[in-house]
Amino acid sequence: MTPAVTDTQTLPSMDALVIRGGAPLQGTVRVSGAKNAALPLMAATLLAPGEHVLENCPSLQDTRTMATVLEHLGARVHFEDHVCRVDTGSVRSAEAPYELVKTMRASVYVMGPLLARFGEVRVSLPGGCAWGPRPVDLHIRAMEELGADVTVEHGYIVARAPRGLTGCRFAFDTVSVGATGNLLMAAVLAKGETVIENAALEPDITQLAEYLFQMGARIDGIGTTTLRVEGVDSLAPGRVRIIPDRIEAATFVAAGALVGGPLRVEGVVLEHCEAAVRKIEETGAHVTIEKSALVVERRSRPRAIEVTTAPFPGFATDMQAQVMALLSLADGTSTITDTIYHDRFTHVPELVRLGADIRLENNVAIVRGVEKLSGCPVMATDLRASAALVLAALVAEGETHISRIYHLDRGYERLDEKLAAAGARITRIRE
Ligand code: EPU
């Protein structure tokens, strides 16, 4: 038996990756469970006392951090062989402290469930993230619309609803994955009906809604932009199998487009990552679609394309950096516009160090394809930026040394080991 998650596991490792580029990726890589589905599901366990079982839970720094948050609240968490058991029967506290929230913004997902179950919650404001501001105003407004009294005191969001929450109509002006999830988790225990308009369509939210439904919540319109929730008095714990990680899958497809000889990516739900896969195909990569696998082969130099990020089912902002690594080697000039996060470009200067020719104009990256990249020391700056650097390094001439890969470990399970098994010359070293 592995012990319950401990605080020490949330400390970032100081590992680095050393990659010698040019080796083709052949064989099979298997996609793990989705980080961004696991995190709200873990938070949802707070809604119903008892033991919840989350299967196919990825073993990541971020899921460990969420486990630590749950343990801090009084839950018992046991993580073994990708099965995460969360017993929330003993949860008494309703405070998510700064020390934990600052390491992972998704901790804010505990706000809705705790407020709904206990009528009060204190969650630290997450602050900025590696690439810039990421507000939580929509989460706060949603709780207010449900009747909570919300204040920000000493860096904490304090929400109170001593007589419980009441259903509301909430139309999002910006599509927000996290705020849709938080509102949904609070609404399932509110009195009366809540109508959520312009709800996020991301598969992570659909899976959350399905799990809540399985727990006894009354939700109509799952998988659409309008969710109708009829509040219930209580919910019961359940068991859920976490969907495959669509961003990890698409990251492997991008790797295959760069050096696939061919690379088989197993455990993919194509509808979850179709926009990214189609864009990668548009660059000229050869993709064969099987039932739950994609086989990707590089047959020629990639072609330049235009990419614009959008909420699901559009091209995910979480794939923008990795596709930029691919397009940095394209024949011609590509443009990549991020409409979700205008400043999510910390990977640009690092890709430029590797020889890419990229210019930024506000939220548009203009990528003039070069014929080759050349290895050098680079620094990972956030999760998807790190993945982009790994992809670039796989194809760069010579050796690339990527430091600060704790960012990568937050959201990709053993990416280095999976790539090495498919032929990449990649080693992890301790710095
Ligand atoms: N926004 C606001 N106010 C809010 C919340 C969001 O203005 O209160 C804005 C954001 O600034 C952004 C847009 O709304 O411009 C969408 O943000 P969203 O709330 O959808 O993002 P999130 O829920 O904080 C999740 C993922 C991110 C992913 C985004 C967009 C999780 C745990 N995180 O974040 O994933 O980039 O949706 O798809 O699901 C990653 O995995 O690398 C990652 C950053």
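This table checks each residue for (1) modelled with pLDDT of 95 or more; (2) open to solvent by 40 Å² or more (accessible area, probe 1.4 Å); (3) more than 27 Å from residue 341 (Cβ to Cβ); (4) not in a loop (DSSP other than H, G, I, E, B).
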{"residue": "116", "(1), (2), (3), (4)": "yes, no, yes, yes"}
{"residue": "121", "(1), (2), (3), (4)": "yes, no, no, yes"}
{"residue": "127", "(1), (2), (3), (4)": "no, yes, no, no"}
{"residue": "134", "(1), (2), (3), (4)": "no, yes, no, no"}
{"residue": "139", "(1), (2), (3), (4)": "yes, no, no, yes"}
{"residue": "144", "(1), (2), (3), (4)": "yes, yes, no, yes"}
{"residue": "152", "(1), (2), (3), (4)": "no, yes, no, yes"}
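For segment 336-431, please list each of the helices (runs of 4 or more DSSP H) lying entirely inside it that holds at least 1 residues being farther than 24 Å from residue 104 by Cα and at pLDDT 95 or above.
Values: elements: 347-353, 383-395, 406-411, 415-421.
Output list reads 347-353, 383-395, 415-421.
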Just checking, how many residues over segment 318-334 are closer than 15 Å to residue 277 by Cβ, more than 10 Å from the ligand (Cβ to nearest atom) and among the polar types (S, T, N, Q)? 1
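If you check residue 55 against the conditions, is it modelled with pLDDT of 95 or more, away from the ligand (no atom under 16 Å from the Cβ), of a type in the set (D, E, K, R) and within 20 Å of the chain's Cα centre (by Cα)?
Details: modelled with pLDDT of 95 or more: yes; away from the ligand (no atom under 16 Å from the Cβ): yes; of a type in the set (D, E, K, R): yes; within 20 Å of the chain's Cα centre (by Cα): yes.
Yes.
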Could you list, in sequence order, the residues of segment 294-317 that are within 14 Å of the ligand (Cβ to nearest atom) and open to solvent by less than 30 Å² (accessible area, probe 1.4 Å)? 309, 314, 315, 316, 317
Just give me the residues in segment 213-230 being touching a strand residue (DSSP E or B) at 6+ places or on another chain (Cβ under 8 Å) and open to solvent by 20 Å² or more (accessible area, probe 1.4 Å), in sequence order. 213, 214, 218, 220, 221, 225, 226, 228, 230
Here is a check on your reading of the model: is residue 397 farther than 24 Å from residue 276 by Cα, away from the ligand (no atom under 16 Å from the Cβ) and open to solvent by 10 Å² or more (accessible area, probe 1.4 Å)? yes
Those residues of segment 170-193 which are touching a Leu at 6+ places or on another chain (Cβ under 6 Å) and either open to solvent by 20 Å² or more (accessible area, probe 1.4 Å) or near the ligand (Cβ under 9 Å from one of its atoms) (or both), in sequence order: 176, 179, 181
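The values are calculated or read from the model by the stated rules, or taken from the named source; none is laboratory data. What you see is a predicted model; the values in this text were computed from it and never measured. Glycine also receives a Cβ, built like all others from the backbone with ideal geometry; neighbour counts cover every protein chain displayed. Remember, those area values only see protein heavy atoms, side chains included, never the ligands or the DNA or RNA. Shrake-Rupley method; radii C 1.70, N 1.55, O 1.52, S 1.80 Å.
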